[in-house]
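Reviewing the structure listed below.
All of the numbers you see were taken from the coordinates with simple rules; none came from a lab. Note that this is a predicted model, so its numbers are computed, not measured. Here the Cβ is made from the backbone with ideal geometry for all residues, glycine too, and neighbour counts use every protein chain on show.
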Amino acid sequence: MSTTDETDTSPAPVTGRLEAELERLLAVESFDPPAGFTRRHPVENDVAAAAADPVTFWADKARELLNWDRPFTTVLNDANPPFYKWFEDGELNLSANCLDRHVAAGRGDRVAFHWAGEEGERRVITYAGLLDETQRLANGLRSLGVGKGDVVGIFLPMIPQVAAAMLACARIGAVHNVVFGGFAPSAVRERMEVSDAKVLITVDGARRKGRTAPVKAAVDAEMGDLKSLERILVVEAVGAAGLGGERAPMTPGRDVWYEELVAAADPVCPPEPMPAEAPLFILYSSGSTAKPKGILHTTAGYLLGVTYTYRTVFDIDPATDIYWCSADVGWITGHSYIIYGPLSNGATSVMYEGAPDYPDFDAWWKLIDEYKVTVFYTAPTAIRSCMKWGAEYPDRHDLSSLRLLGSVGEPINPKAWLWYQQVIGGGRCPVVDTWWQTETGAIMISPVPGVTSTKPGSATKPLPGFSPALLTEQGQPLSEGVGVLVVTQPWPSMLRTLYKDDDRFVETYFSRFGPTTYLVGDAARLDADGYFWIIGRIDDVINVSGHRLSTAEVESAIVAHEAVAESAVVAQADEQTGQAIVAFVTLTGGRVGDDAMVAELRDHVAARIGKLARPKRIIWADDLPKTRSGKIMRRLLRDVAEGRALGDVTTLRDPAVMAALASKVAEAD
Ligand code: PRX
């Protein structure tokens, strides 16, 4: 932990005591559920029912937790694995489950979102208000020609309209394709193009740490000639003043202001009863090739997965809890645990458009104090940043409202876990380290707070109804040790395919161990108590601050630069971000690898993918280590990047390449 931060004003002894306490706790292997935490939703019956018969368990939960327009009569159709179908003949509408049912029960005045902007702006969005906006927008989208099955792109910052946009699509059976606001417009274009999006909902400008990015102008520059994209709907979030004097550029006939469309639309839009297996959304995620994977989720099974796990893992009482997930809606965590899980359960959430360190390092803790947040869900990388900034920032605020803390996105190191538990949770809140993926749709491995003893760094055990397991490389079941993580039974919120690419779906997830065993892509360890410890990815995916990036995607962005001949990208362990991107780059004849070129390449990657994909380190290489068949040996490059002794180089075409690289890196370090 840093004690030398420039803004650190806390007396050294306090920091010293905290350090000593954390050191002491590092020796504690397991923490019992805190005595003061009493569960609201008992889970014992679920555990027994799911163990006895997971399919019947899910069917019972589907009847108990969701409102159906047409009840299902079949539960799981597993006739054609891995193309599973759940609740196939049932029909429901997801927006009706998230909004109408709560309003109909007299809870329209309940707050759905307390929205906070970074300059102190505040808005309150009730369930009734969100239902009204969703219905109008749904009608507005229809007036733009959007119908069942059409794809609507959403490229928005963390503003309330993003919830209405997703729900409006669900209301009329359109399929949303949300792109994380941090991606570059060229990445948005690619995702719109491959999904044949008909309409894109975006914003005039987005604010971040006091600055405004002119999003609409940047989108226009990329999207201009994209034929499939018929209309662009623009939320006016920052206005002319925010954009330096002029409103965002609009193309007549194609672009429409969101506010005008919503104001003019019919306020009544009955929810469309949708077949359980109707596509709900596509979310692009990185895989082991440069082409992002369009992960497809369907309606009822997904909703059931997030509704059940949200209630079980966060033990929410919708009448009293104030929940806050600090993720971005552009990732699966935002879809499942900012939008659908909380709304389906009728919960009240905080939605924040801002950074943890603006205007000061206490921005988050201030909000927790202001809204009396009871459940907070964030990522290890953010916790590590907060640790670095120091405990005096949370100490400035009253965090006693918190009763539960969650973590997601990457392995959490025990020290960060303990800091979170001690400093943020005051030692009294259970910490739930939740393991899952875009593909799983919902949390799969997590402590059940109040029930499961926790071990810092372990996501603990599978939740009821899910069946993750470990296999050896050869596919033998493992009850203890290190192996490959798989899921042995289908589950309702599983991805159904990769958009328009069934072959890649089967190849990626269901070829290594056959069509009924889902390959996760992570390695894990099972300990003697049956606790899972996630180690990390086994494919060419890098996890930077909990964001998934493929090495191939970054490589193809780098080699698109005219000065680059060849590039290989690997991950390097990083104290702050978990993993960091290291790029080995060979330049074309005569170009010099200097600081200016480093900056140019980093900017180039930011423009093609987004800032999150910029390599932390660029290593100039005269040549890259290749096998005799021409395959780049990444394992060796990882050894070089992390300063390890070189492994076996005898299979290389030219073993001297490695020696040259290693000595170059050693010199630079
Ligand atoms: O490697 C695992 C890691 O994140 C991957 C999934 O990334 P994504 O689909 O972007 O979803 C992130 C949010 C759910 C996994 O394959 N991962 C996620 N959660 C954890 C984790 N690794 C360790 N511990 C976790 N709790």
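Compute the distance from the alpha-carbon center of the stretch 50-88 to that of the stretch 285-325, in whole Å. For the stretch 50-88 versus the stretch 285-325, the Cα centre distance is 17 Å. Sequence neighbours fewer than 8 away in the same chain don't count; with that in mind, list the aspartates and glutamates whose C-alpha is under 14 Å from Lys626. Hits, sequence-local ones excluded: Glu566, Asp648, Asp654. Counting only DSSP beta bridges with both residues in the stretch 545-668, what percent are antiparallel, rounded to the nearest 5? Antiparallel: roughly 75 percent of the beta bridges in the stretch 545-668.
Work out, in µm²/s and without decimals, the Stokes-Einstein translational diffusion coefficient of the stretch 116-189 at 20 °C, 1.002 mPa s, Rh from Kirkwood over C-alpha pairs.
Numbers: Rh = 13.3 Å.
Using the Kirkwood radius from Cα pairs, D works out to 161 µm²/s.
Could you give the size of the charge dipole of the chain about its Cα centre, using +1 on the Cβ of each K and R and -1 on the Cβ of each D and E, expressed in debye and rounded to the nearest 20? Before the final figure, lay out each step's value.
Numbers: 65 positive and 87 negative charges, 109 e Å.
The calculation lands at about 520 debye.
In straight-distance terms, cross-link reach from Lys198 covers every one of the aspartates and glutamates whose alpha-carbon lies under 19 Å from its own, apart from those fewer than eight places away in the same chain; here that gives Asp150, Glu190, Asp220, Glu222, Asp225, Glu230, Asp255.
Rg/Rh for the stretch 74-134 stands at 1.26; both radii use Cα atoms, and Rh follows the Kirkwood definition.
With distances taken between every two different alpha-carbon atoms, the stretch 545-668 has a Kirkwood hydrodynamic radius of 14.8 Å. Residue pairs exceeding 28 angstrom between C-alpha atoms, taken from Lys85/Lys291; Lys209/Lys372; Lys61/Lys291; Lys227/Lys500; Lys209/Lys664: Lys61/Lys291; Lys209/Lys664. Placing one equal scatterer on every Cα of the stretch 354-430 and applying the Debye formula, the log10 ratio I(q)/I(0) at q = 0.14 Å⁻¹ is -0.38.
Where the eigenvalues come from the Cα gyration tensor of the stretch 400-496, what are the semi-axes √(5λ) of the equivalent ellipsoid, largest first, in whole Å?
On the way: eigenvalues 147, 48, 25 Å².
Computed over the stretch 400-496, the values are 27, 16, 11 Å.
Dividing the summed helix terms, -39500 (n - 2.57) for each DSSP H run of n ≥ 4, by the number of residues in the chain produces a 222 nm estimate of -8500 deg cm²/dmol to the nearest 500. Cα centroids of the stretch 164-228 and the stretch 553-588: 26 Å apart. Amide hydrogen proximity for Leu76: with H placed 1.01 Å from N in the peptide plane, the residues at 5 or more positions away or on another chain lying under 5 Å are Phe87. In the stretch 253-293, Rg over Rh equals 1.18, where Rg is the alpha-carbon radius of gyration and Rh the Kirkwood radius from pairwise Cα distances. Averaging Cα coordinates gives a centre for the stretch 421-478 and one for the stretch 595-669; these two points are 35 Å apart.
For the chain, the residue among Val484, Phe57, Val238 whose Cα projects farthest onto the positive side of the dipole built from Cβ charges is Phe57. Straight-line reach from Lys366: which aspartates and glutamates have Cα under 16 Å away, leaving out those fewer than 8 places along the same chain? Result set, ordered by chain and number: Glu118, Glu119, Glu121, Glu353, Asp357, Glu392, Asp395, Asp398.
Taking all pairs of distinct Cα atoms, average 1/r, flip it, and tell me the Kirkwood hydrodynamic radius of the stretch 511-562 in Å to one decimal place.
13.6 Å
Taking the DSSP beta bridges with both ends in the chain, the antiparallel portion is around 60 percent. For the stretch 207-338, the fraction of C-alpha pairs more than 21 angstrom apart is 66%.
Using only the Cα atoms, what convex hull volume per residue in Å³ does the stretch 468-532 have? Don't skip to the end; give the middle numbers.
Numbers: hull volume 5.3 nm³, N = 65.
Roughly 82 Å³ of hull volume per residue.
Largest first, the three principal axis extents of the alpha carbons in the chain are 72, 62, 61 Å in whole numbers. Go ahead and run the numbers for FRET between Ala20 and Arg628, Cβ-Cβ distance against an R0 of 51 Å, rounding to 0.05. Efficiency computed from Cβ-Cβ geometry: 0.40.
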